[in-house]
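Asks: Can you keep this structure in mind? I'll have questions shortly.
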Amino acid sequence: MPISTSESADLKTRIAAKAREAGFDAVGFTRADARPDLPARLSRWLELRRQGDMGWMEETAARRSDPLTLWPEAKSVIMLAMNYGPAENPLPRLEERDRAVFSVYAQNRDYHDLVKKRLKRVARWLAEEASVEVKVFVDTAPVMEKPFAEAAGLGWQGKHTNLVSSELGSWFFLGAIFTTQALEPDTPHEDRCGSCRACQDVCPTNAFPQAYELDATRCISYLTIEHKGHIPRAFRRPMGNRIYGCDDCLAVCPWNKFARQARETAFHPREDLVSPLLADLVTLDDAAFRARFSGSPVKRIGRDRFIRNVLIAVGNAGDPALAIHARRLLSDASPLVRAMAVWALGELLTAEEMTALAEEHLPSEEDEDVRAEWRSLSG
């Protein structure tokens with residue numbers, strides 16, 4: 001329904017008030033057709049195969065790059081940000097090699113459910129107040145939230161491709177409300193990265209081919225969360241003790257001088273997920289894994305991929321005392337785990353010790369991936 005400029009301004013003010021009441025820290029408005037550049041950008045990224053295993057990126061490309069393909073009746077997109085900022089810089093924990101590092105966002109409850117509930121609260125109010133249709137989206141839907149948040153004035157996509165805010169720094173979740181109500185758009189945010197390249201320089205796997213471009217297949221967040229197979233050998237040592245996600249490019253951003261700790265307690269870290277000992281994690285079986293990560297985003301990768309990641313951290317720890325745990329996993333039911341147990345032991349034990357182990361644990365011809373790890377030890 002068309003409304004006047006003054007009516008639009010008033011409705012936007014009331015939407016923003018409701019959003020802040022629901023726990024959001026920033027709100028912006030843009031048109032559903034505000035980013036005609038996205039189809040070409042996404043197509044180029046996909047052509048370069050930078051999505052890796054994420055086949056759903058290609059399958060949903062048409063809807064993902066154009067909200068009007070996803071919902072033709074949409075007129076406006078309301079973008080909302082919810083702060084999950086940590087109390088301290090997470091980077092020093094990377095030096096605690098006997099301990100695991102989880103990405104800040106994954107140290108407590110899964111944000112999808114909480115953010116979606118809050119979005120629905122705002123959207124229901126808007127639908128009733130303005131007699132319009134609404135749809136809400138949080139991350140898992142085929143919506144390119146970051147470019148639309150930029151168009152809505154919430155921040156800008158930095159050289160690491162994540163959104164940066166001059167008010168919140170780098171630590172915030174995004175959600176979107178699509179509506180059939182036409183609203184006056186806010187002014188898009190200007191890029192304020194300048195000549196800074198801290199995020200590019202800090203990346204341990206060189207995942208940025210150039211500024212503003214990400215090669216997901218080299219990104220530790222992708223490798224530890226989305227990638228289902230064996231992590232390429234070239235990236236294992238650079239992973240260090242990062243076992244779920246990576247915050248390096250976010251944490252070094254100078255705009256974090258404006259960041260503050262999350263006011264939502266569900267995003268405050270659980271004590272057992274702040275630098276837990278690798279020795280405590282590597283022993284988890286499926287039942288123990290599910291129990292420990294109930295309600296956590298970590299649970300979605302499953303026990304085998306999780307232990308794969310932990311074993312890489314074990315190999316990088318440089319502590320031969322951890323070898324006993326990797327040795328037990330040489331006979332694990334998962335070939336993914338068995339292969340990484342071989343790699344971890346190869347990093348922790350001498351060549352003579354590995355030769356002795358090989359005689360006892362050399363896998364069958366059918367266990368090709370694990371045999372490949374053993375063969376790699378001899379160069």
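Asks: Normalising by the residue count of region 277-379, find the relative contact order in percent from Cα pairs under 8 Å and 6+ residues apart.
Replies: Taking the mean separation of contacting Cα pairs over the length of region 277-379, I get 23 percent.
Asks: Using a Gaussian network for the chain with springs between C-alpha atoms less than 10 Å apart, which of these wobbles most: K120, K257, K75?
Replies: Of K120, K257, K75, the most mobile in the Gaussian network model is K257.
Asks: Across region 277-379, what fraction of all alpha-carbon pairs, as a whole percent, falls in each successive 10 Å bin from zero upward?
Replies: In whole percents, the pair-distance histogram is 16, 48, 28, 7, 0.
Asks: Give me the net charge for the shell around H230: Cβ to Cβ below 9 angstrom, other residues only, Lys and Arg +1, Asp and Glu -1.
Replies: Every neighbour counted, the sum reads 0.
Asks: What is the dipole size for the chain, taken about its Cα centre, with +1 at each Lys and Arg Cβ and -1 at each Asp and Glu Cβ, in debye to the nearest 20?
Replies: 760
Asks: May I ask for the equivalent-ellipsoid semi-axes of region 120-263, computed as the square root of five times each C-alpha gyration tensor eigenvalue and listed largest first in whole Å?
Replies: So the three semi-axes of region 120-263 are 32, 19, 13 Å.
Asks: Taking the chain as a whole, which cysteines find no other cysteine Cβ under 4.7 angstrom from their Cβ?
Replies: When partners are defined as cysteine Cβ atoms under 4.7 Å apart, the chain leaves C193, C196, C203, C219, C246, C253 without one.
Asks: Å³ per residue of the Cα convex hull, for the chain?
Replies: Cα-based convex hull of the chain, divided per residue, equals 142 Å³.
Asks: Could you run the Debye sum over the Cα atoms of region 54-164, one equal point scatterer each and no solvent, and tell me log10 of I(q)/I(0) at q = 0.18, 0.22 Å⁻¹, two decimals?
Replies: -1.13, -1.42
Asks: Looking at the calculated P(r) for region 181-336, what percent of the C-alpha pair distances fall above 24 Å?
Replies: 46
Asks: I've got another one for you. Give me the percent relative contact order of the chain, please, defined on Cα pairs under 8 angstrom at least 6 residues apart.
Replies: It rounds to 20 percent for the chain.
Computed from the coordinates by the stated procedures, all read-outs in this text should not be read as laboratory data. Just so we're clear, the structure is a prediction, and the values are computed from it rather than from any experiment. Quick reminder, even Gly has a Cβ in these numbers, built from the backbone with ideal geometry, and neighbours come from all protein chains shown.
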